[in-house]
1. Label points 7 Å out from Cα along the Cβ direction at A118 and D413: separation in nm?
2. Arranged from highest to lowest average of other beta-carbon atoms within 10 Å per residue, in what order do the peptides 189-196, 120-127 appear?
3. In percent, how large is the relative contact order of the chain, given Cα pairs closer than 8 Å and 6 or more residues apart?
4. Where Lys and Arg each count +1 and Asp and Glu each count -1, what net charge lies around I194 among other residues with Cβ under 13 Å from its Cβ?
5. Just one of [x] 4, 18, 27, 26, 16, 6, 2, 0, 0; [y] 4, 17, 23, 19, 12, 8, 6, 4, 3, 2, 1, 1, 0, 0; [z] 4, 13, 20, 23, 19, 11, 6, 3, 1, 1, 0, 0 is P(r) over Cα pairs in 10 Å bins from 0, in percent as worked out from the coordinates here. Which one is it?
6. Please list the non-local residues whose amide H lies under 5 Å from the amide H of R141, H modeled 1.01 Å from N, same-chain partners needing a gap of 5 or more.
7. Label 7 Å along Cα→Cβ of V73; the range 35-50 residues with amide nitrogen under 20 Å?
8. What whole number of Å gives the distance from the Cα centroid of the range 28-98 to the Cα centroid of the range 167-202?
Amino acid sequence: MKNFYILGIMLLIALISGCKKDVIVKLATPAPMIDTVASNTATIVWEAVENAASYAYTVNDGEETNVTGTEAVLEGLEAETEYTVKVKAVAGDAGPYADSDWGTVTVTTQKETFAPTAYTVYPMDPIATMNEANLSNSYIRNISPSGNYAVGFDDQFGNPTSFVWERATGEFTILESGDYAGCIAYDVNDNGIIVGSVSDGSVQTPAYMDFKNGGSWTELPTHGLENAAYPGLAAAITNNGLIGGMVVTELEDGTSRCVPCVWNDYQLDQSMFTLPENGDAVMYGSYIYSMSEDGRIMSGWQDWGNGSRSPAIWIDGQLTRIYGETETIGDEGYIYEGIAWGISSDGSKVTGYFAPDGMDITGFIYDIETGEKTEVPSYGGVAIDGNGKAYMTGTMGMGGMVWENGETYMVSDIFNGLEGTFATTIDSTLGTDGMIETVYSVSDDGTVYGGSYNYSTFGSAMQFPVIIVLE
């Protein structure tokens, strides 16, 4: 009996020992991380897993790829696209181990990078222009988001002249005023819809033109009121056709002032704006320059009643003064002079200038989400592209420069090392070849620039429009 008892224990020990040898251990799960990412490539890395024979990874649950190292180099990706990458440790054939669970990381590729090799300059021929219309001291006012069109005007009172430039043809066209004394083209979208104002010689009325389809100026609805100080106008248009600007409106105290507005389907809409109650407190009122692509944010200025004006933005119709929260500044009580001129299409940043003494200007780049201001002394911001580059100018449009990530450089540096071609030859004996002096507007991707060049004639220097396209 005792022998049977000993034999039973021995069999139990052998059985337990055999079971231990058959236990399978799952490997630890890798924790993949992003090492590098570009527009079309990315590298994913992870820490080595003990007892792993190799690793496998998938992209968007696609085919498994096996590697022996601790990184996955992903190529052939699409720019600005989100990818889900999974990684697991592979046990192999040796040892009592099983493959791990999948570790996951999400990576979003960057924007497609563009490395230009050349550029083409499209200067407006001053001689031909002066034979057609009075366009002295004119410049590119705005470029459509994709750079399909550009518009501008002669900055004069009474009967201004405007023009449009088409990328498809590379040509400038003087816009007909029709029955009006003059017209001002402020903005254009990629569909060729131009917005601005028409003038009877003294009063400006908001208007639009379907240039692409051969349309003429059509007045936009207003309240039928006039304000000689600053008239109503359509200043900006999105690719969806939303128009932003300002219109003379009667306030609660009975005074009429210019205040922000939009036109939806060409119909006047002020429902989202909080209007001032006291006209004397805003003097001339508001002046709108730009609008984000979704129409939520407008930039420009807002007056005080003492003759000063501060750079301002409107977010969903609510006014925010970037500078000049009070009517005066500093111990000496200087009044403000300033404008929030350019706004990025996504509505994240605004650039402009302010002059606390009305003379010495300081440019700024304003982050709308954080309220942070970056200042650039002696320059004024006029445009900003989708890459966050702000384009600035000195006094009277001289000495244009670019601000990028806290650094500044001259506009001319953009074109260094590139092969240039001129679509129109300007008489170089007059001191210019038509090359851009200052950038006033830019396409979202930063490849189409619009501004002016200085042309010496009649004993003085005048500004004429010019477009430069990177290729």
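Read-outs throughout are calculated quantities, based only on the coordinates presented, and are distinct from any laboratory measurement. Values in this document were obtained by computation on a predicted structure and should not be read as measured data. Positions of Cβ are backbone-derived with ideal geometry, glycine not excepted, and every protein chain shown enters the neighbour counts.
1. Here the answer is 2.6 nm between the modelled labels.
2. Details: 189-196: 22.5, 120-127: 20.6.
The densest-packed peptide leads the list: 189-196, 120-127.
3. Values: 1289 pairs, mean separation 53.4, N = 471.
Across the chain, relative contact order equals 11 percent.
4. Working: positive: R141, K212; negative: E166, E176, D187, D190, D210.
Here the charged neighbours net out to -3.
5. Among [x] 4, 18, 27, 26, 16, 6, 2, 0, 0; [y] 4, 17, 23, 19, 12, 8, 6, 4, 3, 2, 1, 1, 0, 0; [z] 4, 13, 20, 23, 19, 11, 6, 3, 1, 1, 0, 0, the one calculated here is [y].
6. Amide H to amide H, under 5 Å and 5 or more residues apart or across chains, R141 pairs with V151, G152, F153.
7. 35-48
8. 56
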